[in-house]
Amino acid sequence: MKIKYFLPFFLLGIFPVHENKNFYNSKSVTNPEEYSIQKRVVCSNGAVVSAHALASKIGIDILKQGGNAIDAAIATQLALAVVFPVAGNIGGGGFTVARLSNGELIALDYREMAPGKATRDMYIDKDGKARTDESQDGHLSSGVPGSVAGMFALSKYGKLPFKKLIQPAIDLAEKGFTLTEREANSYNGLQSSLKKYNTRRSAFEKDTPWKEGDLLVQKDLANTLKRIRDKGADGFYKGKTAQLIVDEMKRGGGIITKDDLKNYKAIYRKPHVFDYKGYTIVGMPMPSSGGLLLHQMMKMIEDRNIASMGFESTQAVQLMTEVERRAFADRAEYMGDADFYKVPVDKLTNSAYLRERMKDYDPDKATPSTMVKPGKLLKAESEETTHFNVIDKEGNAVSITTTLNDSYGSKVVVGGAGFLLNDEMDDFSIKPGVPNMFGAVGGEANAIAAGKRMLSSMTPTIVLKNNEPYLIVGTPGGTTIPTSVFQTLVDILEFGMSTEDAVNKPKFHHQWLPDVINVEKGFPKDVEENLKKMGYTVQQRYAIGRTEVIRVLPDKKFEAVADNRGEDDAEGW
Ligand code: DON
């Protein structure tokens, strides 16, 4: 069984400053051959924080050209598809949660979809064994991509023409950008997978090792982006790009068809909104479990005066662990694409239900996961990835998490089209009880069906204070996403921590199964020992997520903080 908790892109580097020769002639103020990385900014007009400095800077350029936060978010997403192909994408999918300047809250679902030929048991071999090798890599692991449809759906709230938003990405792909040392290492690590899963050579392949300062030029990708620029979403879902995807599927034994591509739709959904001590928390509904899990976890601690326990106290970590355990047990049983499976969102967030859920909670010892089953619903009383945030002075706030799933997704680069396809099919429960690559288990609710969207943990979140944006939060990290967002909110709203500390201090994670608390390097040793004495198994892992936060300060300035775990970058003006 391949369970990949530690994704190589978390190892991408921190703050190098490039000083390479400058022959880049774009009109943009951003120079992809000479840029610096900034971890925190305070500014008045707008801010962008993302996994890559060039993408953040492009977002700010768009704001300066008169675009709003939605325009900047679209340009940032498209730029990430070029400069951060480990997770940024046009061959994957994602979710947007936004608060518009008129106060409207939106949630946009452009999650990948199981192809029409997908079946419940497609990854189970004749001996009944789950083929995680096929759900996690190669052509069969890809769902129908949603990102391009998502960006076009989102653009109705923007002000600038789409052509303008995609041009910086085209320039970056066509003219290239220089690699940091960690990026070079990451591409070097990808070489054997590229050879294994591809029959066409892509821009990422190189016969001698990539090194810092090398220019990565992606001509095929530039041409794909131009087709999207010139033909709209049809430039991806129809015509030449669709043909190249289908040809690639044929070469590698994949099942995505032209009809699958033609029929893909991004869907506006009702955001998952709840109150926490007067703050309004706006999250993503199904098919992401993120909003619902966050809701359950926040409500299970709300009355327990966690503030008095203190950050990283044994008491607080133990309480949050037990809450995480119970929420994730519910995830395994009840959560999946609500268009295919009736997810009992109201029952799972009912206060009597959540009280009952915590009835066997013992502050002095661990409740083993074998004793915590998914909750019994009450009768009708009254649910590699990358995250970025954008805010503008008009009051638009955007929180986007997007992914190919694993680092570089399926490792399949569409021949002649230059982009990586996702391996999102692994987020389905491919066989009841068989963990996915993040160790998450599931059953009926998240079983594979043609046209269904696989359950996600992505948790793009916006917190409103007096109905105005206060925090924009999100992170990659598979199943650690909802627990990282949970911790970040508790750190700021309950412990009163600075944004930088909430982003960068060590995080921990529990997900019911396996029954383990994962802690990051730097997590206090004494707390770890105390937890072990209470019956917990504690394991160290080296990175949990890459959390990005924008906070609106009391003087209305924007503070954007980028995670130190990667080369993430905060820009503002
Ligand atoms: O949707 C999900 O929950 C996963 N596909 C997210 C994957 C992820 O965060 C990988 N990056 N660390």
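Could you pull out the residue among 320, 358 that is over 22 Å from residue 477 (Cα atoms), of a type outside the set (D, E, K, R) and away from the ligand (no atom under 16 Å from the Cβ)? Walk me through it before giving the result.
Details: 320 fails: over 22 Å from residue 477 (Cα atoms).
Being over 22 Å from residue 477 (Cα atoms), of a type outside the set (D, E, K, R) and away from the ligand (no atom under 16 Å from the Cβ) holds for just one of 320, 358, which is 358.
How many residues does the stretch 177-201 contain that are surrounded by 21 or more Cβ atoms within 10 Å (Cβ to Cβ) and among the hydroxyl-bearing types (Ser, Thr, Tyr)?
4
Assuming residue 4 fulfils every condition listed in (1) buried (at least 24 other Cβ atoms within 10 Å of the Cβ); (2) within 16 Å of the ligand (Cβ to nearest atom); (3) modelled with pLDDT under 95 apart from one, which condition is it?
Single failed check for residue 4: (1).
Which of the residues belonging to the stretch 351-373 are outside any helix (DSSP H, G or I) and open to solvent by 70 Å² or more (accessible area, probe 1.4 Å)? Walk me through how you get there before you give the answer.
Restricting attention to the stretch 351-373, the residues satisfying the condition of being outside any helix (DSSP H, G or I) are 358-368, 372-373.
359, 360, 363, 364, 365, 373, listed by residue number.
Identify all residues within the stretch 28-66 that are small (Gly, Ala, Ser) and at pLDDT 95 or above; write none if there are none. Spell out how you get there, then give the answer.
Taking the stretch 28-66 first, the residues small (Gly, Ala, Ser) are 28, 36, 44, 46-47, 50-51, 53, 55-56, 59, 66.
Within the stretch 28-66, 44, 46, 47, 50, 51, 53, 55, 56, 59, 66 meet the criteria.
I'd like the full set of residues that are open to solvent by 10 Å² or more (accessible area, probe 1.4 Å) and within 23 Å of the chain's Cα centre (by Cα), limited to the stretch 105-126.
105, 113
Taking the options 307, 327, 332, name whichever one is outside any loop (DSSP other than H, G, I, E, B), at pLDDT 95 or above, open to solvent by less than 10 Å² (accessible area, probe 1.4 Å) and among the aliphatic types (A, V, I, L, M). It would help to see each step written out before you state the result.
Numbers: 307 fails: open to solvent by less than 10 Å² (accessible area, probe 1.4 Å); 332 fails: open to solvent by less than 10 Å² (accessible area, probe 1.4 Å).
That would be 327, the only listed residue that is outside any loop (DSSP other than H, G, I, E, B), at pLDDT 95 or above, open to solvent by less than 10 Å² (accessible area, probe 1.4 Å) and among the aliphatic types (A, V, I, L, M).
Which of the numbered conditions does residue 445 fail, given that it passes all the others? Conditions: (1) buried (at least 24 other Cβ atoms within 10 Å of the Cβ); (2) more than 13 Å from the chain's Cα centre (by Cα); (3) within 16 Å of the ligand (Cβ to nearest atom).
Every listed condition holds for residue 445 apart from (1).
Inside the stretch 396-441, can you point out the residues that are within 12 Å of the ligand (Cβ to nearest atom) and open to solvent by 10 Å² or more (accessible area, probe 1.4 Å)?
Listed by number, the residues that qualify are 408, 427, 436, 438, 440.
Counting residues that are among the hydrophobic types (A, V, I, L, M, F, W, C) and away from the ligand (no atom under 16 Å from the Cβ), which strands (runs of 3 or more DSSP E) fully inside the stretch 486-567 reach at least 2? Give the steps one after another, and end with the answer.
On the way: elements: 517-520, 538-541, 548-552, 558-561.
Qualifying strands (runs of 3 or more DSSP E): 517-520, 548-552, 558-561.
Considering only the stretch 461-471, I want to know if a residue exists there that is open to solvent by 10 Å² or more (accessible area, probe 1.4 Å) and out of contact with any Gly (no Cβ under 9 Å at 6 or more places or on another chain). It would help to see each step written out before you state the result.
Here is the first cut: in the stretch 461-471, the residues open to solvent by 10 Å² or more (accessible area, probe 1.4 Å) are 465-470.
Still in the running and out of contact with any Gly (no Cβ under 9 Å at 6 or more places or on another chain): 470.
Yes, there is a match, as at least one residue in the stretch 461-471 is open to solvent by 10 Å² or more (accessible area, probe 1.4 Å) and out of contact with any Gly (no Cβ under 9 Å at 6 or more places or on another chain).
Residue by residue through the stretch 391-427, note down the ones that are more than 30 Å from residue 60 (Cα to Cα) and out of contact with any strand residue (DSSP E or B) (no Cβ under 9 Å at 6 or more places or on another chain).
Step one: list which residues in the stretch 391-427 are more than 30 Å from residue 60 (Cα to Cα), which gives 410-412, 414-416, 423-427.
Matches in the stretch 391-427: 415, 416, 423, 425, 426.
Can you name every residue in the stretch 257-285 that is in a loop (DSSP other than H, G, I, E, B), within 16 Å of the ligand (Cβ to nearest atom) and open to solvent by 10 Å² or more (accessible area, probe 1.4 Å)?
Here is the first cut: in the stretch 257-285, the residues in a loop (DSSP other than H, G, I, E, B) are 257, 264-266, 270-271, 277-278, 284-285.
From what's left, within 16 Å of the ligand (Cβ to nearest atom): 266, 284-285.
Within the stretch 257-285, 266, 285 qualify.
Restricting the search to the stretch 311-323, which residues are touching a strand residue (DSSP E or B) at 6+ places or on another chain (Cβ under 7 Å) and crowded, with 24+ Cβ neighbours inside 10 Å? Lay out the reasoning, then the answer.
To start, the set of residues in the stretch 311-323 that are touching a strand residue (DSSP E or B) at 6+ places or on another chain (Cβ under 7 Å) comprises 317, 321.
Result: 317, single match.
Kindly provide the set of residues from the stretch 41-83 that are touching a helix residue (DSSP H, G or I) at 6+ places or on another chain (Cβ under 6 Å) and either under 15 Å from residue 551 (Cα atoms) or aromatic (Phe, Trp, Tyr) (or both), ordered by number.
Residues satisfying the conditions are 46, 48, 50.
Going by the structure shown, is residue 342 in contact with an Asp or Glu (Cβ under 9 Å, 6 or more places away or on another chain) and of a type outside the set (Val, Ile, Thr)?
Numbers: in contact with an Asp or Glu (Cβ under 9 Å, 6 or more places away or on another chain): no; of a type outside the set (Val, Ile, Thr): yes.
So residue 342 fails the test.
The values are calculated or read from the model by the stated rules, or taken from the named source; none is laboratory data. These numbers were taken from a predicted model, which means no experiment stands behind them. Cβ: placed from backbone, ideal geometry, glycine included. Neighbour counts: every protein chain shown. To get the accessible areas, we keep the full protein, side chains included, count just its heavy atoms, and leave off ligands, DNA and RNA. Shrake-Rupley method; radii C 1.70, N 1.55, O 1.52, S 1.80 Å.
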